[in-house]
Amino acid sequence: MEAVAEGLWALADHHEERREIGKAIKCLEAICQSSVSFLPIVEIKTRIRVSALLLKHSHNVNHAKSHLERSQLLLKSIPSCFELKCRAYSLLSQCYHLVGAIPSQKQILNKGLELSAISGDGFAGRLWSCNFNSQLANALIIEGDYHGSISSLQQGLTCAMEMFYPELQMFFATSILHVHVMQWESTNQVEESVNRCNVIWESIEPDKRQHCVGILFYHELLQLFYLLRICDYKTAGQRIDKLDAVMKSDLQRMQNIKDLTNELDALNHSLSRSDLNYKDRSALSDKQSKLEEQLNNLTGMNSTEKTPLEPAYFGNVKRAWSDKLELAPPPIDGEWLPKSAVYALVDLMVVVFSRPKGLFKDCQKRIQSGLQIIQEELVQLGITEGIKEVELQHSAIWMAGVYLMLLMQFLENKVVIDLTRTEFVEAQEALVQMRNWFVRFPTILQACESIIEMLRGQYAHSVGCYDEAVFHFIEASKLTQSKSMQAMSNIYAAVSYICIGDAESSAKAVDLIGPVLGVIDSFVGVREKTCALYTYGFLLMRQQNLQEARIRLASGLQSTHTYLGNLQLVSQYLTVLGSLALSLHDTGQAREILRSALTLAKKLYDIPTQNWVLSNMTALYQQSGEKASEMENIEYQKRKVEDLQQRLALARSSANHNELINKVKLQVLQLNEHDMKRAIAGPSKTVDLDIPESVGLLTPQPMPSSARLMDMDMGKLGKRRF
């Protein structure tokens, strides 16, 4: 019977090579369903292989789980077979992960760790221990046990150090950094983790580093998240340039591999000809060897190697090795994000960094690039027009969440850019898209509800509907547990109250901004502080407390200029300071400040701020008795006001306008209990907008944004009524 099994295995190999996966599985299942008994070891190997194929090429997780559970029972009666037992444990853990059975996953991983500890199998045993610790850390993160996760990753790091394996050390050190960035308890702790990653990365030999593309992206992106969080934009800019260069280099490398592969396939076809003479065959064989060597150098693997069956194919989307960014060697062999998601994330980081600097053309190109990548991946996941989250395959929920969260962040940035550029109708369209996606995937995108409310407030404020803006900002604050998000919502609401202008609204603005100022030094970075100082200084000026306002505004402007480089916030700081200098009859300083503010506002196509500056310039010329300049300025301002009014009229005539500003929360169809559990079981729901952390390490619940990378500028909170 062993010969029969060998024959069916070989036939399955043949079908798999021809990508006939269904036929390959039928060959293997013929062994499992045979009325004649095979040796237990034959059945075990067959079931493990069937489950690996199912996980890699289908959504049939439960079928794969059944095969693995049967294999596990059979393995209990066999004292040896360390490798098979570990492989079964690892694959079964992935099945439990995909169906959301985290307690069962932890149980099977602890069994694997016990087995690897007593195996005495040297290097291979330690590798499997690393595999189980990595998966266990992921399971603990899903349950919200950050400290337990770090402990498991630390054990993996210790094991990798005992193996003198720097690439594997880098995997665990970077994963530990990931957890620290997600659960930011201490900036010093995160900085120590960053430094450890840098030391380990430098210890890897340069020729080996070039083949660690996956860990390079993982490391660089996490470093970037850290730098943006602490508002070190100068260093972050260098990191983004490096990431962008690595991405372009990898794209070129993949194109070279594709070209070489096509050439090699054509050559192999020529060599298969039976009528080829000796001389030609010898020349083609030499060329074949050279091409294979070039291909090996580019891929870092032998062109005849088969990809192992046991890696973590999260989301069950079949991807060729060339489409993966592997983080560690087999049997770990996982990936943080699919390559397409990493490329989209690099585009997103370029947008996040470029947007505050007013580099909108670059941003628009990157947003378009990222959205195209994401749309293609969503279609592959079966997410086409009209599909809702209750219709998704359970095992696709997690990967769908990765791309949907990236999609929402691109759209969020588009809304912010369009509002900054006074393109209200385009902002409406992007915001409506965000709303529609949220309505279709309310559980997966639960973390986005507060963001959408925040953006509705931004839109309402930008079109002069300050009362409605306050409503949406306050709603955004209620929908998040993030202290940073709550602070920013209250700051924005305070600005809208100030723009309403009456005594009652000013008192409400004080009530909102006061508590934020009381805890302002508790936030990481200076994003909240600069916005709060701007708002408080603006309020003090409205209350005629000019000297105190000047002190607060000068302090905030210095921090904004030094750390953030946010041109829109700088231009608005300058506008308020210029107006303040005018109130103090310091026309010389007012003139210089207002000119700088106008220059920045023009660069950003920010028409409301331009009008605000121009109205102050008119007052300046009146104070100085410069009648000609005053008339010229009034004429220019008139044209700008007409332009703004046309844009506002167009926005208000849109069918989307009232829906967006109305003081009504988003209405979402409530899922029944079964569908809710089904959607929640998928890890994709837990992507924090602070970092698109998604793959590999997940969060226990829809995490609200804290100091989000996509910080929404104070810039839109303009002051046309001042």
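Tabulated data
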{"quantity": "Unmet criterion (only one of (1) farther than 27 Å from residue 492 by Cβ; (2) touching a residue at least 40 places away in the same chain (Cβ under 8 Å); (3) within 43 Å of the chain's Cα centre (by Cα)) for residue 595", "calculated": "(2)"}
{"quantity": "Criterion (β-branched (Val, Ile, Thr), open to solvent by less than 10 Å² (accessible area, probe 1.4 Å) and more than 30 Å from residue 481 (Cα to Cα)) met by exactly one of 384, 422", "calculated": "422"}
{"quantity": "Of all residues making up the stretch 223-242, the number that are within 20 Å of residue 182 (Cβ to Cβ), outside any loop (DSSP other than H, G, I, E, B) and of a type in the set (A, V, I, L, M)", "calculated": "4"}
{"quantity": "Residues (over 12 Å from residue 128 (Cβ atoms) and polar (S, T, N, Q)) located in the stretch 74-92", "calculated": "77, 80"}
{"quantity": "Counted residues, the stretch 156-184 - those being of a type in the set (S, T, N, Q) and over 25 Å from the mean Cα position of the chain (by Cα)", "calculated": "1"}
{"quantity": "Yes/no for residue 538 being aromatic (Phe, Trp, Tyr) and out of contact with any Phe, Trp or Tyr (no Cβ under 9 Å at 6 or more places or on another chain)", "calculated": "no"}
{"quantity": "Those residues of the stretch 518-538 which are assigned to a helix (DSSP H, G or I), over 22 Å from residue 575 (Cα atoms) and open to solvent by less than 40 Å² (accessible area, probe 1.4 Å), in sequence order", "calculated": "520"}
{"quantity": "Listing of helices (runs of 4 or more DSSP H) fully contained in the stretch 13-114 that carry 3 or more residues being closer than 18 Å to residue 2 by Cβ and without any contact (Cβ under 8 Å) to a residue 40 or more places away in the chain", "calculated": "21-32, 40-57"}
{"quantity": "Any hit, the stretch 539-561, residues being open to solvent by 60 Å² or more (accessible area, probe 1.4 Å), part of a helix (DSSP H, G or I), polar (S, T, N, Q) and free of Cβ contacts under 8 Å to residues at least 12 places away in the same chain", "calculated": "yes"}
{"quantity": "In the stretch 136-174, the residues that are under 13 Å from residue 328 (Cα atoms), part of a helix (DSSP H, G or I) and open to solvent by 10 Å² or more (accessible area, probe 1.4 Å)", "calculated": "166, 167, 169, 171"}
{"quantity": "Test: residue in the stretch 79-92 that is in contact with a Cys (Cβ under 8 Å, 6 or more places away or on another chain), at pLDDT 90 or above and hydrophobic (A, V, I, L, M, F, W, C)", "calculated": "no"}
{"quantity": "Pairs with Cβ under 9 Å, 6+ apart, first in the stretch 520-533 and without any contact (Cβ under 8 Å) to a residue 12 or more places away in the chain and under 17 Å from residue 186 (Cα atoms), second buried (at least 20 other Cβ atoms within 10 Å of the Cβ) and of a type in the set (Lys, Arg)", "calculated": "521/529"}
{"quantity": "Selection from the stretch 197-209 of residues that are in a helix (DSSP H, G or I) and either open to solvent by less than 80 Å² (accessible area, probe 1.4 Å) or acidic (Asp, Glu) (or both)", "calculated": "197, 198, 200, 201, 202, 203, 207, 209"}
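Condition check ((1) under 25 Å from residue 11 (Cβ atoms); (2) β-branched (Val, Ile, Thr)) across all residues:
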{"site": "64", "(1), (2)": "yes, no"}
{"site": "98", "(1), (2)": "no, no"}
{"site": "105", "(1), (2)": "no, no"}
{"site": "118", "(1), (2)": "no, yes"}
{"site": "125", "(1), (2)": "no, no"}
{"site": "135", "(1), (2)": "no, no"}
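The values are calculated or read from the model by the stated rules, or taken from the named source; none is laboratory data. Remember, it's a predicted structure, so these values are computed and weren't measured experimentally. Glycine gets a Cβ as well: all are built from the backbone with ideal geometry, and neighbour counts include every protein chain shown. Please note that ligands, DNA and RNA were not included when accessible areas were found on the heavy atoms of the full protein model with its side chains. Shrake-Rupley method; radii C 1.70, N 1.55, O 1.52, S 1.80 Å.
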